[in-house]
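Data first, discussion second: the structure below is written as structure tokens.
What follows is calculated from the coordinates using simple rules that are stated; it is not laboratory data. Predicted, not measured: the structure shown is a model, and the values here were computed from it. Cβ sites come from the backbone with ideal geometry, for glycine too, and all protein chains shown count toward neighbours.
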Amino acid sequence: MSVLSLLFVIPGPLRELAGNRDEVRIDGEARSVSEALSLLFATCPGVRDRVVTELGEVRPHVNIFVDGESIRYTGGTGAPVRDGAEILILPALSGG
Amino acid sequence: MPDTHNITPENGDVLLLVGTMKGAFLFRSPKGRRSWEMGGPYFPGSAVYAMGYDARAGRHRIWAGPNSMHWGGLLRSSDDFGQSWTNPEEANVKFPEGTDAALKQIWQIVPGREEEPDALYCGVEPAALFVSHDAGQSWSLSKPLWDHPQRARWEPGGGGLCLHTILLDPTDSYRIRIAVSTGGMYVTDDAGTTWRPSNQGVRAEFLPEKYPEFGQCVHKVVQAKGQPDRMYLQNHWGLYRSDDRGESWSDIANGVPSDFGFAMAVHPQDADCAFIIPLESDGFRCTPEGKLRVYRTRDAGKTWQAMTKGLPQEGAYETVLRDAMTVDSLDPAGVYFGTRNGKLFGSADEGKSWMGLADGLPAIVSVRAAVISLPEKLQ
């Protein structure tokens, strides 16, 4: 597996848990969104429980976009990632 | 996000912890309980079903269980009356691997007994009990209750499958009673190693068998402080009293407009005195006849009186949920409740008269009271 350079964009409510950064760049080995997220969680452990449940599933009102496309339409966390991918974590439109 | 106003309670003040569907609020008043200052909102946008106050071992710690629709829930605490809150990196209340479950909501946070000052108990949805023995630093699931063979047949009520009531027996440190909607009450006599259903005399109107061993939709159970054999229970249809520490229950719905309701509180000194807010039917779940009435008994449920002075008696279709009523520890006792329409009421004279403390809060789901006794160095 080759080393990829990945850029994670962190939403405002989680920046405190990512060292007050709005972007986190990580170089590491990842074939899928799931493995890419594991790299992020290893760097910013506080982000993990806010983004995924104890079952490892992305929370229902959290959206993840890879290069501008929601992973809901590209295979979920099993979707592949490429070198240089931008991974955007965003709260879904919800509430009332 | 809204600006947060902070309050600074003083020694002897009464503090109200108010959890809503969109954040938490604090209210403080001097002992007379006639003038209230509001603090908050804290955790704006998060539902706060559970709050608690830990005054043991010199603490003045507020606990809250905010649940963000986006980022999930965890327990957070404040030692400075809301000016700052812990924000643990790892969610502190979470289901361990192998349970195939994920936390949906924190429903209850209860400090342990005085003799176990670092113990805390937490009830959650899906229905489970978590315990901490290090003042909330770490939490563990009560596996014997989770593994109880009857758990598979518990079913969610309208609010979800939640463990919402935790009663720590004040004289028997091995005995804990919990209540689940919908599963009924369970009790342990060995500090949580084994659990048994304990619902004798409690009706399950929605099941073919009306008095099953378990499966009742118990909405709230309270235990008298100075007389722990005495308990009261507001059921999903049914109002009950126990005089044997919850082993058996008798119907006490005598003269109330409905035996349906959620909220219940017991007087801090008088075990014969309890407060309820009846709601109409199962489908409507609002105060009957558009009248907001707290019903009080002074004779352990033989009779109930409507306490209405200061409460709206026309067009008041209110709902008061299971944790949205409480009492303080003063004499005369203060009684407080909040509605789903965001109204907060208080009585400084045991329900004889009421005043509005706030109107226009988000839907209120939890109200707790504490009398502040600060360590000398903080006064």
- Could you pull out the pairs from B:K94/B:K225; B:K94/B:K143; B:K104/B:K343; B:K22/B:K352; B:K31/B:K352; B:K309/B:K343 whose alpha carbons sit more than 22 Å apart here? B:K94/B:K225; B:K104/B:K343; B:K22/B:K352
- Task: Treat every Asp and Glu Cβ in the protein assembly as shown as -1 and every Lys and Arg Cβ as +1, leave all other atoms uncharged, and give the resulting dipole magnitude about the Cα centre to the nearest 20 debye.
- Result: 920 debye
- Query: Quick one: length gained pulling B:D359 to B:K309 fully straight, 0.36 nm per residue minus the C-alpha distance?
  - Reply: 16.3 nm
- Task: Return one quarter of the surface area of the convex hull spanned by the alpha-carbon atoms of the range B:138-180, equal to its mean projected area, in nm².
- Result: 4.1 nm²
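What is the order of A:S94, B:S353, fewest Cβ neighbours within 10 Å to most?
A:S94, B:S353
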- Query: Which of A:T53, B:A253, B:I106 sits farthest toward the positive end of the charge dipole of the protein assembly as shown, with +1 on the Cβ of Lys and Arg and -1 on the Cβ of Asp and Glu?
  - Reply: B:A253
- Task: Alpha carbons only, please: Rg and Dmax for the range A:3-91, in angstrom.
- Result: 11.6, 31
- Note on the structure: Once the dipole of chain B is set up from charges on Cβ (+1 Lys and Arg, -1 Asp and Glu), the residue from the list B:T20, B:S242, B:W354 lying farthest towards its positive end is B:W354
- Note on the structure: Over chain B, the sum of -39500 (n - 2.57) across DSSP H runs of at least four, divided by residue number and rounded to 500 deg cm²/dmol, gives at 222 nm 0 deg cm²/dmol
- Net dipole in debye of chain A [+1 Lys, Arg Cβ; -1 Asp, Glu Cβ; about Cα centre; nearest 20]: 160 debye
- Task: Using only the Cα atoms of the protein assembly as shown, construct the convex hull and provide its projected area averaged over every direction, in square nanometres to one decimal.
- Result: 23.2 nm²
- For chain B, just the Cα atoms, rotate onto the principal axes and tell me the three extents in Å, largest first. 54, 52, 39
- Note on the structure: FRET efficiency (A:E29, B:D100; Cβ distance; R0 25 Å; to 0.05) is 0.30
- Query: How many percent of Cα pairs in the range B:274-353 exceed 21 Å?
  - Reply: 22 percent
- Cβ density ranking, 10 Å radius, fewest first, applied to B:M307, B:M264, B:M21, B:M325 yields B:M21, B:M307, B:M264, B:M325
- Lys/Arg Cβ at +1, Asp/Glu Cβ at -1, dipole of the range A:3-91 taken about the Cα centre: which of A:L7, A:L39, A:I89 is farthest positive-ward? A:I89
- Cβ-based exposure ranking for B:E318, B:E213, in which fewest neighbours within 10 Å come first: B:E213, B:E318
